[in-house]
Amino acid sequence: MLAALEVSSNQIGEYNQQIECLAEKSYPQVALLKQVKGVGTLIALTFLLTLEDPHRFRKSRDVGCYLGLQPRRRNSGQSQPQMHISQEGDPYLRTLLVQGAQHILGPFGADSDRRRWGLKLAERGGRNGKKRAIVATAGKLAVLLHHLWVNGEVYEPQRNRQPAIAAAA
């Protein structure tokens, strides 16, 4: 059993190296997306290959809806019930984005605006608050990745914190 496990681990390592080489050589945009902590080569490469064209969407906010990470809506008169996410779009990419969001909100996630927002959302969420916060963070992560891809900007994890520090000084 241990020998089979070691062989499998070595094969996985080799496949990871092949994916890294492919991303470096053929898809330089992967480096832009990997700036975000919690986004690795596999998530970035899957994001690029699934969406194909960054200019396919007018606004980056549309990407979350396209991937099925936004709640369904059924407004009826004064009633606006809270519904489940639509789960439209590619299920594999949605799964990877949720895993990235779990890393961001987990114990090893680096401090960032997304992490603080997600943890704040989880605190007020009740029984399933953490789960809802993870899915909401995954949606924001998709929007952020698209924005970085289109604009080619350098990612600032604590963009909203800088004005507060400057005001205190």
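Would you mind telling me which residue in Ser26, Ser60, Ser76 has the biggest mean-square fluctuation in a Gaussian network model of the chain, where springs connect alpha carbons within a distance under 10 angstrom?
Ser76
With every protein chain kept in the model, how would you rank Glu20, Glu6 by accessible area, 1.4 Å probe, largest at the top?
Descending order: Glu6, Glu20.
What lysines sit close enough to Lys130 to cross-link, taking a C-alpha to C-alpha distance under 29 Å and skipping anything fewer than 8 places away on the same chain?
Lys34, Lys37, Lys59, Lys120, Lys140
How high is the relative contact order of the stretch 54-169, in percent, counting Cα pairs under 8 Å that sit 6 or more residues apart?
28
Measuring from label point to label point, each 7 Å out along Cα→Cβ, what is the Ser8 to Thr95 span in nm?
1.6
If Rh is defined by the Kirkwood formula over all Cα pairs and Rg also comes from Cα, what ratio Rg/Rh do you get for the chain?
Value, to two decimals: 1.03.
Quick one: pull the percent of accessible area on the stretch 42-92 belonging to carbon and sulfur, 1.4 Å probe, ligands and nucleic acids left out.
Here it works out to 44 percent.
Mind checking the per residue accessible area of the chain for me, 1.4 Å probe, whole number of Å²?
67
The values are calculated or read from the model by the stated rules, or taken from the named source; none is laboratory data. None of these values were measured; they are calculated from a predicted model. Note: ideal-geometry Cβ built from the backbone for every residue, glycine included; neighbour counts use all protein chains shown. Side chains included, ligands, DNA and RNA excluded: accessible areas come from the protein's heavy atoms. Shrake-Rupley method; radii C 1.70, N 1.55, O 1.52, S 1.80 Å.
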